[in-house]
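The values are calculated or read from the model by the stated rules, or taken from the named source; none is laboratory data. Worth saying up front: this structure is predicted, and the values here are computed from it rather than measured. As a convention, Cβ positions derive from the backbone with ideal geometry for all residues, glycine included, and neighbour counts pool all protein chains shown. Surface accessibility is based on the protein's heavy atoms, side chains included, excluding ligands, DNA and RNA. Shrake-Rupley method; radii C 1.70, N 1.55, O 1.52, S 1.80 Å.
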Amino acid sequence: MRTRLMVSALLLSLNAMGASAQSSSDLFQQALRKERAEGDLPAAIKLYQRVLQGSDRVLAARALVRIGTAYETLGRNEAAESYRRILREFADQAEPVKTARTRLAALERPAEKSTGLAVRVVWEETQMDIEGRPTPDGRHLTFVDWFETGDLALRELATGKKTVITQGGDGSNVYPLQSSISRDGRQVAYFWTPNIPPFWQPQLRIINMDGTGERTLVENANHEIDYIEPSEWTPDGRHVLATFWMTSFNTQLVLVSTVDGKVRVLKSFDWRRPMRASLSPDGRWVAYDLQPDTLNPRRDLYILAADGSSEFQITHPANDLHPIWSPKGDYLLFSSDRGGSVGLWAQPMAGGRQRGDATLVQGQMADGFFPMDFTADGVLFYAQDLGGGDLYTAPFDLATLRAGEPSKLVHAHLGYNNAAYWSADGSTLAYASRRSAMSIGQTARLVVRDVRSGNERVVANGPILHRKFSRPQPSADGSRIAVWSDDNRGRRGIHIVETATGSYRQLVRFADESFEELGNPQWSRDGRAIIYPGRLRNPTRFVLIRQDVATGESKELLSSIPQVGGRIRMLVSVSPDERSVAYAGFRNDTLRIRVMPLDGGAPRDLVTMRITDGNVPNWAGLAWTPDGKHILFGVPRDRGSDVELMAVPAAGGAAQSTGLVMPELRHVSITPDGRVSFTSGPMNHQQVWTMENIFTRLGKSN
């Protein structure tokens, strides 16, 4: 368990080797810089080995994971021994043990000898991004550099060296997302959101791999497109296959000209949308996945002629998705739960039609598995999303504002649970959990626990939660849950779920671009209304809205919330007596927290704190203690992933530590009797793998 009590005597004590906890932390950060920024893996390994000489078991276990990863990248056999050492000596470190077992299973997988498949991890780290694509030669991978620049970058897989491609990203208001590399490896198409306030204006851009020649293909000046997913380039490089999510809540599969940006619509859909579209090597066929049944989340595969002349459906009772063509176009690879677990399957193809039955290539993949792309010589790159932390609880002394030793709150589906929130009376707990192959991607299910009986159940027909951003909020008595999410038709808004029956309805629908929701709803004390912040446009102002659950009537509690710098998403919280609101902002390395009366009085600064150890963790949020006397918030520590939970008096005064420090601590919620719950662990635990000899394996099975 990775928790540290803030006891100065322990932090300053020296071990037998003369290394302190702080010096071990410094060494670890130096090693990370060598590994990630400079790509000097041998030097990084030496620094990580020095960390092992210290007394910090948490850092030592993490260092062994990094050593094993570096050895794997270098093709060295020492990788397996690093992972075995974690299992022998650090069994108490849950996350490193989980990683070590996964890596060892891959390195020692018996199936490789019998099938001829060769699989290995080529990239895994905390701040990685898996929405990019490999270059045709397999030497590099595009990714969004969220950790440093906020731009699109290229990673050399053998060394870890990074080359920034775009300019101007900040990772907050201006940033790229999904990318697709041309078949000659010279250009990349990508999603880009420019800083053109007050509107959200995603664009499709292309740029040369050396960072020159950037052009905007789809400017989206009329704001008709809500999201753009570039999939693949045509063989001649004159078009990019993309999916447009329209603001009118329909979807289009399109070809965009790289010459003049003209858009040709291949297929229009309703609220349903493909999770992946793939263009055959000869450019004649488009494969995509889609729900054939509006009431069932399972998907089928479809083959559409690029000229629109015909379409063919591959029907199967299982959930088939993420289609990708083989380099020769003779197979369609896809992920599916046909074998009872998520696996990679291959469907023989000829002339845009299926030929025979699909074959299982590799089973027992993670639920978050999806194929990324093939290299020119048939090596498959694929990603595995292994979850995003676990749920914890700790006793909390409301008098001293100190937290006790944390323990796991949920013991099933570890690594796939987050965002647990209590009802005000402590009777109900609601959280998000990814529990099946149906949750491949970014969605999760709503789980409700009756605290008195201990019984849990999944709200099967409830709204589809986004595992990063949704925070289910139980009403004061636990009878209803408010959640900001998409429903099963992709319509975003605030939903009200009846705890007893699981039935739900959309109370607020965010379809008007003149308004943007900025945070999760909170329940009023009487349970009759929800309160949530938002941003109105033309002119821009931040507001706090109260909306009656029964009638739908709304009113502005605050018609203008003065900004304190940066976005205030998720950092807004109403006091238990509903007389004040706390909110926060971050700009120029400074965190500011203010309290403002709901009767319209002037705001007061509570916290003005310089943050030099990392980014402010927006996801920790602001949580009032039940008596309304203090506000809890998180700050990063030690230039790593640790977040320290702090408390500041609502009436004013110095902030103090609660003594709780955990990796990526977020989603803080507290009960009347003094229990604090939170999520801890990597927000994303992701890996990029390669799989070789697929078609040798398929040739032997046919």
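Of GLY628, GLY600, GLY614, which residue is part of a loop (DSSP other than H, G, I, E, B) and either β-branched (Val, Ile, Thr) or modelled with pLDDT of 90 or more (or both)? Step through it out loud before you land on a result.
Values: GLY600 fails: either β-branched (Val, Ile, Thr) or modelled with pLDDT of 90 or more (or both); GLY614 fails: either β-branched (Val, Ile, Thr) or modelled with pLDDT of 90 or more (or both).
It is GLY628.
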Counted residues in region 56-65 being assigned to a helix (DSSP H, G or I) and either more than 16 Å from THR102 (Cβ to Cβ) or open to solvent by 20 Å² or more (accessible area, probe 1.4 Å) (or both) come to 6
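Which residues, taken from region 647-674, are under 24 Å from VAL581 (Cβ atoms), of a type outside the set (Val, Ile, Thr) and either assigned to a strand (DSSP E or B) or touching a Phe, Trp or Tyr at 6+ places or on another chain (Cβ under 6 Å) (or both)?
Pass one, region 647-674, residues under 24 Å from VAL581 (Cβ atoms): 647-656, 658, 665-672, 674.
Checking which are of a type outside the set (Val, Ile, Thr) leaves us with 647, 649-656, 665-667, 669, 672, 674.
ALA647, PRO649, GLN656, LEU665, ARG666, HIS667, SER669, GLY674 - these are the residues of region 647-674 that are under 24 Å from VAL581 (Cβ atoms), of a type outside the set (Val, Ile, Thr) and either assigned to a strand (DSSP E or B) or touching a Phe, Trp or Tyr at 6+ places or on another chain (Cβ under 6 Å) (or both).
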Has region 447-461 got at least one residue that is open to solvent by less than 10 Å² (accessible area, probe 1.4 Å), at pLDDT below 85, closer than 22 Å to TRP245 by Cβ and out of contact with any helix residue (DSSP H, G or I) (no Cβ under 8 Å at 6 or more places or on another chain)? no
If only one of ALA383, ALA412, ALA432 is part of a loop (DSSP other than H, G, I, E, B) and not acidic (Asp, Glu), which one is it? ALA412
Only one of TYR392, TYR382 that is within 27 Å of the chain's Cα centre (by Cα), in contact (Cβ under 8 Å) with a residue 24 or more places away in the chain and within 30 Å of SER669 (Cα to Cα): TYR392
Within region 407-437, which residues are open to solvent by 40 Å² or more (accessible area, probe 1.4 Å), under 26 Å from VAL342 (Cβ atoms) and of a type in the set (A, V, I, L, M)? ALA412, LEU414
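If you scan region 246-266, which residues turn out to be part of a strand (DSSP E or B) and open to solvent by 60 Å² or more (accessible area, probe 1.4 Å)?
Of the residues in region 246-266, the ones part of a strand (DSSP E or B) are 246, 251-257, 263-266.
Hits for region 246-266 are VAL263, ARG264, VAL265.
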Complete set of residues in region 162-177 that are surrounded by fewer than 21 Cβ atoms within 10 Å (Cβ to Cβ) and either under 13 Å from ILE206 (Cα atoms) or not acidic (Asp, Glu) (or both): LYS162, THR163, VAL164, GLN167, GLY168, GLY171, SER172, ASN173, VAL174, LEU177
Among the strands (runs of 3 or more DSSP E) contained in region 296-355, which hold 3 or more residues that are buried (at least 19 other Cβ atoms within 10 Å of the Cβ)? 300-305, 320-325, 331-336, 343-350
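Quick check on this structure: which one of ILE694, ILE670 is touching a residue at least 24 places away in the same chain (Cβ under 8 Å), over 30 Å from ASP129 (Cα atoms) and surrounded by 17 or more Cβ atoms within 10 Å (Cβ to Cβ)? Quick ask: steps written out before the conclusion?
Details: ILE694 fails: over 30 Å from ASP129 (Cα atoms).
None of the other options fit; the residue is ILE670.
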Restricting the search to region 462-482, which residues are at pLDDT 90 or above and outside any loop (DSSP other than H, G, I, E, B)? GLN473, PRO474, ARG480, ILE481, ALA482
Which residues, taken from region 121-175, are part of a strand (DSSP E or B), free of Cβ contacts under 8 Å to residues at least 60 places away in the same chain and of a type outside the set (S, T, N, Q)? HIS140, PHE143, VAL144, LEU152, ALA153, LEU154, ARG155, VAL164, TYR175
Taking region 363-377, which residues are at pLDDT 90 or above and buried (at least 17 other Cβ atoms within 10 Å of the Cβ)? PRO371, MET372, ASP373, PHE374, THR375
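Residue by residue, here is whether (1) modelled with pLDDT of 90 or more; (2) under 30 Å from HIS413 (Cα atoms); (3) open to solvent by less than 50 Å² (accessible area, probe 1.4 Å) holds:
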site	(1), (2), (3)
ASN588	no, no, no
ARG610	no, no, no
GLY621	no, yes, yes
VAL661	yes, yes, yes
